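I have placed the structure first, in the form of structure tokens, so that the comments after it can refer back to it.
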Amino acid sequence: MEIRLEQLTKIFTDKTGKETRAVDNLSITIPSGKLVGLLGPSGCGKSTTLYMIAGLLKPSGGKIFFGDDDVTRLAPEKRGIGLVFQNYALYPHMTVRQNIMFPLENINIKREEALKLVDEMAALVGIQDQLDKKPAQLSGGQQQRVAIARALVKKPRVLLLDEPLSNLDARLRLQTREEIKRIQRETGITTVFVTHDQEEAMSISDQMVVLEYGLMQQMDQPQEMYNHPDNLFVAKFLGNPPVNILDGRIEKGNIIVGESIVLGKTKGKDGKYVIGIRPEDFRFDPEGFEVAADDVEHVGRDTLIRFTLGDKSVRALVDSDSVYGKTTIRLAVKTSKVHVFDPETGLAVL
Ligand SMILES: Nc1ncnc2c1ncn2[C@@H]1O[C@H](COP(=O)(O)OP(=O)(O)OP(=O)(O)O)[C@@H](O)[C@H]1O
Ligand SMILES: [Mg+2]
């Protein structure tokens with residue numbers, strides 16, 4: 001089921017009359033059967049967007065379509081959605097089986113059929129042997145699987161997840177996110193996955209939408225967005241260790257930071273720019289620009305070098321072998337890996 005948001009807007013007004021544009025003119029199409037990650041920092045409007053899709057919040061403007069159906073004014077229970085929150089929100093006094101079965105109570109369905117559906121969902125999320133337990137007897141990861149099974153038991157058209165992994169420890173978070181991806185693939189259900197964790201969004205999403213102050217910054221496949229950020233905000237938000245941001249300029253086809261030509265033969269117009277280079281995009285090159293390593297740190301397979309370029313401290317991740325003991329090194333960056341932004345607008349220009 002394709003989800004289409006057309007100029008979706010939500011304005012909250014507080015007691016003093018001050019307005020917050022939590023979601024501002026958001027127009028996106030979430031393709032049928034795909035998992036789309038809604039990503040951005042705290043307060044950027046992710047949950048507000050999700051709750052409008054769910055019908056829990058009324059938009060201030062714009063429309064929501066499920067396929068050809070305009071669902072903008074439809075009650076949540078009529079939309080055919082499954083919702084999963086950060087805190088599993090299971091009923092503590094019920095067994096896992098009763099929890100998963102709960103959404104089926106007010107629809108006309110035979111008990112044997114309901115039990116069969118519960119078994120099917122429990123198998124899908126891998127908790128068949130936990131059905132007689134109470135939620136408190138399960139791990140966080142298992143409880144979240146129960147919540148997902150409960151969200152899917154009515155065979156919704158759309159699955160909406162709001163930070164479903166945030167309450168889990170690092171190992172369970174990794175495992176459960178792989179499970180969510182598998183469940184989504186197996187069921188083919190159109191899914192919107194909200195997170196503020198860029199790595200999580202990158203690993204799980206078919207496509208990502210990055211929001212800031214309620215405004216869409218970019219929508220793309222994760223790798224595409226990582227390699228070609230449309231603006232400075234997206235460049236900085238994706239990647240760990242983060243992208244190096246430098247004050248630079250273009251002169252006669254050379255990109256220069258401080259005194260170093262970091263790249264030649266570019267197309268950009270002469271002028272001042274903000275230059276972004278990801279730490280992993282530097283490589284050793286005898287023809288490259290020379291830097292003095294201020295610090296060399298070996299981290300597992302990688303070597304992290306710090307040096308000063310212009311007036312900024314820069315981080316580069318390179319192969320281990322070649323840097324022991326050397327203080328002066330020569331580096332280069334591939335053409336497509338130097339990101340150039342307009343200093344006024346922050347928009348990518350190359
Ligand atoms: N009920 C409300 N009344 C007033 N303002 C609200 C309300 N809900 C959200 N907001 C504001 O709208 C903006 C977006 O909030 P939202 O909860 O969508 O952010 P979020 O991206 O989900 O953040 P987080 O990662 O912290 O969950 C914030 O500035 C928030 O303070
Ligand atoms: Mg939120």
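Brief remarks follow.
- Filter result for Arg157 (under 30 Å from Thr29 (Cβ atoms) and of a type outside the set (Asp, Glu)): yes
- Qualifying residue in segment 150-160 (condition: within 16 Å of ligand 2 (Cβ to nearest atom) and touching a residue at least 24 places away in the same chain (Cβ under 8 Å)): yes
- Residue count for segment 61-111 under the criterion of being outside any helix (DSSP H, G or I) and more than 29 Å from Lys46 (Cα to Cα): the result is 9.
- Selection status of Asn240, buried (at least 19 other Cβ atoms within 10 Å of the Cβ), at negative phi and of a type outside the set (Val, Ile, Thr): no
- Checked against the criteria, Tyr51 does not count as within 23 Å of His196 (Cα to Cα), away from ligand 1 (no atom under 16 Å from the Cβ) and either out of contact with any strand residue (DSSP E or B) (no Cβ under 7 Å at 6 or more places or on another chain) or among the aromatic types (Phe, Trp, Tyr) (or both).
- Scanning segment 190-207 for residues that are within 16 Å of ligand 2 (Cβ to nearest atom) and either touching a His at 6+ places or on another chain (Cβ under 6 Å) or of a type outside the set (Asp, Glu) (or both) gives Val192, Phe193, Val194, Thr195, His196, Gln198, Ala201.
- Of all residues in segment 175-187, those that are farther than 13 Å from Gly140 by Cβ and either surrounded by fewer than 16 Cβ atoms within 10 Å (Cβ to Cβ) or β-branched (Val, Ile, Thr) (or both) total 7.
- Selection within segment 188-217 - within 16 Å of ligand 1 (Cβ to nearest atom), over 20 Å from Ala54 (Cα atoms) and either open to solvent by 40 Å² or more (accessible area, probe 1.4 Å) or not in a helix (DSSP H, G or I) (or both): Asp197, Glu199, Glu212, Tyr213, Gln217
- Flag if Phe66 is more than 17 Å from Val194 (Cβ to Cβ) and of a type in the set (Phe, Trp, Tyr): yes
- Where Asn25 falls short, out of the listed (1) in a loop (DSSP other than H, G, I, E, B); (2) more than 12 Å from ligand 1 (Cβ to nearest atom); (3) of a type in the set (S, T, N, Q): (1)
- Number of residues in segment 167-189 that are at pLDDT 90 or above and either within 16 Å of ligand 2 (Cβ to nearest atom) or touching a Gly at 6+ places or on another chain (Cβ under 6 Å) (or both): the value is 2.
To keep it simple, each residue is scored yes or no on (1) at pLDDT 95 or above; (2) assigned to a loop (DSSP other than H, G, I, E, B).
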| site | (1), (2) |
| --- | --- |
| Leu124 | no, no |
| Asp132 | yes, yes |
| Gly141 | no, no |
| Arg145 | no, no |
| Lys155 | no, yes |
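- For segment 88-118, a residue qualifies if it is exposed (fewer than 14 other Cβ atoms within 10 Å of the Cβ), of a type outside the set (A, V, I, L, M, F, W, C) and under 32 Å from the mean Cα position of the chain (by Cα), and the qualifying residues are Tyr91, Pro92.
- Leading residue by the ranking (nearest to ligand 1 (Cβ to nearest atom)) among those in segment 32-48 that are more than 14 Å from the chain's Cα centre (by Cα) and open to solvent by less than 30 Å² (accessible area, probe 1.4 Å): Thr48
- Checked against the criteria, Ser42 does not count as part of a strand (DSSP E or B), at pLDDT 95 or above, in the same structural domain as Ile204 (by TED's automatic domain parsing) and among the small types (Gly, Ala, Ser).
- So Arg79, is it without any contact (Cβ under 8 Å) to a residue 60 or more places away in the chain and either within 16 Å of ligand 2 (Cβ to nearest atom) or within 30 Å of Ala123 (Cβ to Cβ) (or both): no
- Of everything listed in (1) open to solvent by less than 20 Å² (accessible area, probe 1.4 Å); (2) under 23 Å from Pro156 (Cβ atoms); (3) away from ligand 2 (no atom under 16 Å from the Cβ), the single unmet condition for Thr9 is (2).
- Single unsatisfied condition, Leu161 versus (1) more than 22 Å from Gln98 (Cα to Cα); (2) buried (at least 17 other Cβ atoms within 10 Å of the Cβ); (3) at pLDDT 95 or above: (1)
The values are calculated or read from the model by the stated rules, or taken from the named source; none is laboratory data. Since the structure is predicted, the reported quantities are computational estimates derived from the model, not experimental observations. FYI the Cβ positions are ideal-geometry reconstructions off the backbone, even for glycines, and counts take in every protein chain you see. Side chains are part of the model used for accessible areas, which takes the heavy atoms of the whole protein and leaves out ligands, DNA and RNA. Shrake-Rupley method; radii C 1.70, N 1.55, O 1.52, S 1.80 Å.
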